[in-house]
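One structure below.
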Amino acid sequence: MASERSKSKVDLGRHLWGQRYLARLKYPLMDTSHITYLGSLRTEVTHVRSGQRFVTDAPVDNKGKGEAISPTDLLATSLAACMITTMDIVARDKGIELREVKARVLKHMASGPRRVQRVEVYLELDGSALGPAERELMEKTAHECPVALSLHPDLVQEMHFSYA
């Protein structure tokens, strides 16, 4: 079925109208990442735009060695990274000084089918430059980051904020 879907997609670059559309884009469409299977439940991921690489490994509780970050760890971690990035974007746009921000992430798995069931994110912010309105804005922004909005509603997202 996946091959049927990919056959039905239009390759914009093969059509004159598609070439014109692609030429007008500020950032041309390109692959996000390339993944190569290394064997032994490991992959090498390359971020196309930056060229940065990292390895993933299946977790110990799922037949892996746990010697590198797992794909489900990446999913949970990307939630916190997106929250922090999006908070900084909004803070900059509003002229708010967002100082030190740290996050801890806990991932909870479920079985039948195996999936991420819950992600706990503990965000610690330097609150010395943030009043009540700015804190509320940062928390709202974190809850509405693109990754948070992209995850399935059955995946429980618990977000905890503390200010030092």
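The values are calculated or read from the model by the stated rules, or taken from the named source; none is laboratory data. What you see is a predicted model, and the numbers here were worked out from it, not measured in a lab. Cβ atoms come from the backbone with ideal geometry, glycine included; neighbour counts cover every protein chain shown. For the accessible areas, the whole protein counts, side chains as well, though only heavy atoms, and no ligand, DNA or RNA atoms are used. Shrake-Rupley method; radii C 1.70, N 1.55, O 1.52, S 1.80 Å.
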In debye, nearest 20: dipole of segment 15-164 around its Cα centre with unit charges on the Cβ of K, R (+) and D, E (-)?
600 debye
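Hey, what did segment 60-120 get for relative contact order, percent, Cα under 8 Å, at least 6 apart?
Details: 35 pairs, mean separation 15.9, N = 61.
Once divided by the residue count of segment 60-120, the mean separation gives 26 percent.
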Mind checking the full-extension length gain between Glu124 and Glu139? Use 0.36 nm per residue of separation minus the Cα-Cα distance, one decimal, nm.
4.3 nm
Positive-end residue of Leu75, Ala110, Leu125, charge dipole of segment 68-128 with Cβ unit charges
Ala110
Run the reach check for Lys63 against aspartates and glutamates, Cα to Cα strictly under 17 Å, same-chain hits fewer than 8 apart removed. What comes back?
Asp73
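Counting only other residues whose beta carbon sits under 9 Å from that of Asp57, what net charge do I get with K and R as +1, D and E as -1?
Spelling it out: positives minus negatives among the neighbours equals +1.
Assuming 0.36 nm per residue, please report the length gained on full extension of the stretch Arg49 to Lys94 beyond their Cα-Cα distance. Before the final figure, lay out the partial values.
Working: separation 45, 0.36 × 45 = 16.20 nm, distance 2.83 nm.
Extra length from Arg49 to Lys94 when fully extended: 13.4 nm.
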Are any of the pairs Lys102/Lys140; Lys107/Lys140; Lys65/Lys102 more than 20 Å apart by Cα-Cα distance, and if so, which?
Lys107/Lys140; Lys65/Lys102
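Using Cα pairs closer than 8 Å and at least 6 residues apart in sequence, work out the relative contact order for segment 51-164, in percent. Please list the in-between numbers first.
Numbers: 162 pairs, mean separation 28.4, N = 114.
Once divided by the residue count of segment 51-164, the mean separation gives 25 percent.
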Note to self: C-alpha centroids of segment 29-61 and segment 65-110 sit apart, in Å, by 19 Å
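Using a 1.4 angstrom probe, figure out how much accessible area segment 26-164 has per residue, in square angstrom, rounded to the nearest whole. Present the calculation step by step, with values, prior to reporting the outcome.
Working: 8880 Å² over 139 residues.
That works out to 64 Å² for each residue.
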Positive dipole terminus of segment 35-137, leading residue within Gly66, Ile89, Leu41 (C-beta point charges):
Leu41
